């Protein structure tokens, strides 16, 4: 997920530069006979990508808010344990794991949003290669987001067995 070295006067990386970097990274090329088909796909898919990204953004916001709230509850448990002198290291590890996963998910979500904006700004007729490079990266990023969301869910759902049940058993007299 690098960024092109070309920077605009305002300090922003140009959409075209980002896509050109992806094109180079992925070695994307289109045969002359396929340019028209890819250009047409680009034109036809722009609205679909915008709609899909809007839904993805809403879903990501809900996930981040939900897992953030769960993390806050777990932090409260850790604080209560610490105040009572109990070892809260397992809970602290769970909090760290959730935070790391949330940070990565948030980063992927932002990157997905940027890619969608870049793809929908492509000149489909003159630069179908940029569209193709962008859409490949966009699809991969969305897949990574789904994987991260699944891992977050599993972490939270398994936390009673992996973190809290062992703590309960250890604290029993």
| request: Mind telling me which of the residues 75, 97, 108 ends up being within 30 Å of residue 40 (Cβ to Cβ) and touching a residue at least 12 places away in the same chain (Cβ under 8 Å)? | output: 108
| query | When both residues are 6+ apart or on different chains and their Cβ atoms are under 8 Å apart, which pairs have a first residue that lies in the range 1-30 and is modelled with pLDDT under 50, and a second that is in a loop (DSSP other than H, G, I, E, B) and surrounded by 15 or more Cβ atoms within 10 Å (Cβ to Cβ)? | reply | 3/13; 4/13; 6/13; 7/13
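Against the condition in contact (Cβ under 8 Å) with a residue 24 or more places away in the chain, surrounded by fewer than 18 Cβ atoms within 10 Å (Cβ to Cβ), assigned to a helix (DSSP H, G or I) and in contact with a helix residue (DSSP H, G or I) (Cβ under 8 Å, 6 or more places away or on another chain), how does residue 144 come out, does it pass?
Numbers: in contact (Cβ under 8 Å) with a residue 24 or more places away in the chain: yes; surrounded by fewer than 18 Cβ atoms within 10 Å (Cβ to Cβ): yes; assigned to a helix (DSSP H, G or I): yes; in contact with a helix residue (DSSP H, G or I) (Cβ under 8 Å, 6 or more places away or on another chain): yes.
Yes; evaluated as a whole, the condition is true for this residue.
Checking the structure you have, find out if any residue of the range 62-72 is closer than 30 Å to residue 131 by Cβ and in contact (Cβ under 8 Å) with a residue 60 or more places away in the chain. Give the steps one after another, and end with the answer.
Going through the range 62-72, the residues closer than 30 Å to residue 131 by Cβ turn out to be 62-64.
In the following step, the residues that additionally are in contact (Cβ under 8 Å) with a residue 60 or more places away in the chain were identified as 63.
Within the range 62-72, one or more residues are closer than 30 Å to residue 131 by Cβ and in contact (Cβ under 8 Å) with a residue 60 or more places away in the chain.
Inside the range 124-137, can you point out the residues that are crowded, with 23+ Cβ neighbours inside 10 Å and closer than 13 Å to residue 26 by Cβ? I'd like the intermediate steps shown before the answer.
Initial filter on the range 124-137 (crowded, with 23+ Cβ neighbours inside 10 Å): 128, 130-134, 137.
Within the range 124-137, 130, 131, 132, 133, 134, 137 meet the criteria.
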| If we scan the range 158-171, do we find a residue that is under 25 Å from the mean Cα position of the chain (by Cα) and either within 21 Å of residue 60 (Cβ to Cβ) or in a helix (DSSP H, G or I) (or both)? | yes
| message | Given (1) within 30 Å of residue 165 (Cα to Cα); (2) modelled with pLDDT of 95 or more; (3) crowded, with 17+ Cβ neighbours inside 10 Å, identify the lone condition not met by residue 56. | response | (1)
| Taking the range 104-123 as the region of interest, how many residues are surrounded by fewer than 19 Cβ atoms within 10 Å (Cβ to Cβ) and outside any helix (DSSP H, G or I)? | 2
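The values are calculated or read from the model by the stated rules, or taken from the named source; none is laboratory data. Just so it is clear, the model here is predicted, and its values are computed rather than measured. As a convention, Cβ positions derive from the backbone with ideal geometry for all residues, glycine included, and neighbour counts pool all protein chains shown.
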